[in-house]
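To start, the structure itself, in structure tokens.
The values are calculated or read from the model by the stated rules, or taken from the named source; none is laboratory data. Predicted model only: the values in this text are computed from it and were never measured. No Cβ is skipped: glycine too gets one built from the backbone with ideal geometry, and neighbour counts run over all protein chains shown.
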Amino acid sequence: MNFPSFDPATDQRVVTVVMTTSTAFVVGPRLTRPAARRAPHATLRLRMGDQHFVERLRALLFEAAAPD
């Protein structure tokens, strides 16, 4: 994959992370605080889903990223 460049100090993208509610409770603060410091102009969105939703989303993403 060829990813675009990323400079956390100036980037203004929106990054969405999907996780279960229990994971968001534990990981959320540990992820949002450093992200806000290192990428002050970017937006980090945490989205919660149940375990089935997260597993299905993960499977879809890996299918899309798999080489043909």
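Before moving on, here are some points about what is shown:
- As for segment 28-51, it holds at least one residue that is in a loop (DSSP other than H, G, I, E, B), out of contact with any Asp or Glu (no Cβ under 8 Å at 6 or more places or on another chain) and modelled with pLDDT under 90.
- Of the residues making up segment 1-22, those that are of a type in the set (S, T, Y) and within 24 Å of A65 (Cα to Cα) are S5, T16, T20.
- In segment 1-56, the residues that are surrounded by 15 or more Cβ atoms within 10 Å (Cβ to Cβ) and of a type in the set (K, R): none
- Residue count for segment 43-59 under the criterion of being touching a helix residue (DSSP H, G or I) at 6+ places or on another chain (Cβ under 6 Å) and closer than 9 Å to T20 by Cβ: the result is 1.
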